[in-house]
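For reference, the structure discussed in these notes is given below.
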Amino acid sequence: MKKHTLDIREDLDRVDSLLEQESLFSLPVRERKTLRDQSKGLRIKFSNIEGRYLTVGFLGGTGVGKSSLLNALAHENIASSSYRRPHTERVLIYRHDEVDPLPQAELHNIPWQDVTHRADPIKALLLCDLPDFDSILTEHKARVMAFLEHLDLLVWVTSPDKYADADFYNFLETTPKARQYFTFVLNKVDLLQAPREDNDVSDRIARVLKSFRGHLEKKGMDDPLIFALSAENADHSDPSASWNQFHLFRRHLLEQRSIKAITAIKAANLEVAVRKLFTPFERERRNLEGVHGILRETINRVKEKRSGWDHAARQTLQIWMEKRYSQSTVGLTPGDLWPLVGPGYALGLLLKTVSGARFRPVDSPDALDYLPPEETTATLRRPLQWLQDRLHQRFLRENLPPRLWEEVSERINLEMEFEQLGQALSLTAEGLDGQRGPALRMFRLNQYLVYGLLTLCLLAVLMGERTLREFFNNPGFGSFFGLFVSGIETLFSPRGLTALLSYALIGLFFSIRFYRGYARKMKAMAQRHQLRITKALARDWSDCLTATTRKLESLEKDVRKRLDALSRLWRKEKSG
């Protein structure tokens, strides 16, 4: 018994613990509140489980003799005509003067009438005469059914002419009690008597009892406890009257007076009520099993498709970057002429002018240039959209509650993930695009040296060997002035014009070489830069997928944890 009540307490503790866990429950707030209230009420009943009286309800159809059965049990007329119900939905509660009445909380919203008596033989019994089930109005039936849960034993009373009534069995199936604690009484068996031998009476009663038992077993009542009796002839009931089992029925009720028996019956009925609390959690467990299976399968599918998604994302990001760097006004392209000097710069400027390109500083791009284009966005969104659609379709296919889908959708929040991905791509592209390439100082120095040497050669040709020797042998203002005048005279001579033309051609040659070399360098640097940005953007995309997968895995673990907690509610571990 102690183990039995301990199980009930543990079950109620588990119910309360689960109801405190709000996350990822498909149970609506109103239903959770109802379960809390029911659990609280059951705890109150559990605390009063050691009651000293047994509450017995008598339920039957019209004219089956319930009142005479109550009077026979009390050995006095406690159910007299003065206590007849003014309404068919009222419950008559017969109790001894020294027995406390039922708690008002248990009688809430149930029409009832308290009838006291001094019949000591049934002092330990609280007898409740329930309205005839075939006369209860539809709107009153729910009230009577609500009262049944407060009973410890329920005695079904019928008669030989009504035991086969279909309404009797339909009402039986809707009764929320522990079926093993039903007791059935076939009253008025004296109607089966005839002026024949007593054996004939016993045979007729046996046949009716067999038929009655068969009807009950068809309704799931295995091995029902049935007493065949005649309450009107209770005074003549004794062991020798085998056809009248009233004395056995009375002994059956009175033997329940022991505290242990009463507690066991109350605990069994309370356990039935506690098990009713399991129903929403069983439904929730099935829902969570469905969610867990969907998440596990989806995670596996994401891992299978991951490489293909990454490849498609890299390709579309590469196409985006190639389009960006195909423009001569953005980034590290030959459009930026700052590394060229002298004739090379002039040549580059001339070519840009001829090609119609407009020069714009590299460090002032439009912020919109860093937003992914629509085709790139559509390609990157496709895997997340597939994931969203697949999850939603699976939830609909499994007929899972919308509340669970809302919880899952809110937890993974794929739309927010995609927005964050777009921001990350823009910031990465902008940050890396703002990094200038190498200064190319050696490239610029090389140009200065070549153009400088070429200029010195031109000056040497224009000034002549003799003038230069005199200047170095006798340096001074006069020698320098002579050197300058000689250069001017030679410049307009055929030799000077030839030297100047040679200088221009050689300079053009080197400017073309430097410009082409610069273009190759800048193209290589642009490709490396483009590749670097593409890899960085691909990492952002990969991080987005990884974050989404981790959310799914975290959600799957959370559902698994919740499922384990629910499973422990009815699959309790057995020690030893």
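The values are calculated or read from the model by the stated rules, or taken from the named source; none is laboratory data. From a predicted model like this one, the values you see are computed outputs, not experimental measurements. Glycine also receives a Cβ, built like all others from the backbone with ideal geometry; neighbour counts cover every protein chain displayed.
Looking at region 487-506, can you tell me whether even one residue there is in a helix (DSSP H, G or I), closer than 30 Å to Glu289 by Cβ, modelled with pLDDT of 75 or more and not polar (S, T, N, Q)? Steps first, answer last, please.
Restricting attention to region 487-506, the residues satisfying the condition of being in a helix (DSSP H, G or I) are 487-491, 494-506.
Now drop any that are not closer than 30 Å to Glu289 by Cβ, which leaves none.
Within region 487-506, not a single residue is in a helix (DSSP H, G or I), closer than 30 Å to Glu289 by Cβ, modelled with pLDDT of 75 or more and not polar (S, T, N, Q).
Being among the aliphatic types (A, V, I, L, M) and more than 15 Å from Ala547 (Cβ to Cβ): is that true of Leu396 here?
Yes, satisfied.
State which residue is surrounded by the fewest Cβ atoms within 10 Å (Cβ to Cβ) when the search covers only region 338-358 and only residues that are among the aliphatic types (A, V, I, L, M) and modelled with pLDDT under 75.
At the first step, the residues of region 338-358 found to be among the aliphatic types (A, V, I, L, M) are 340-341, 346-347, 349-351, 354, 357.
Next cut, modelled with pLDDT under 75 only: 354, 357.
Details: Val354: 8, Ala357: 14.
Per the stated criteria, the residue is Val354.
Between Ala264, Ala241, which is outside any loop (DSSP other than H, G, I, E, B) and at pLDDT below 85?
Testing whether each residue is outside any loop (DSSP other than H, G, I, E, B) and at pLDDT below 85 leaves just Ala264.
How many residues does region 286-309 contain that are touching a residue at least 24 places away in the same chain (Cβ under 8 Å) and among the polar types (S, T, N, Q)?
2
Which ones in region 74-96 are at pLDDT 70 or above and under 30 Å from Leu42 (Cβ atoms)?
Arg90, Val91, Leu92, Ile93, Tyr94, Arg95, His96, listed by residue number.
Return the total of residues in region 43-72 being out of contact with any helix residue (DSSP H, G or I) (no Cβ under 7 Å at 6 or more places or on another chain) and at pLDDT 85 or above.
7
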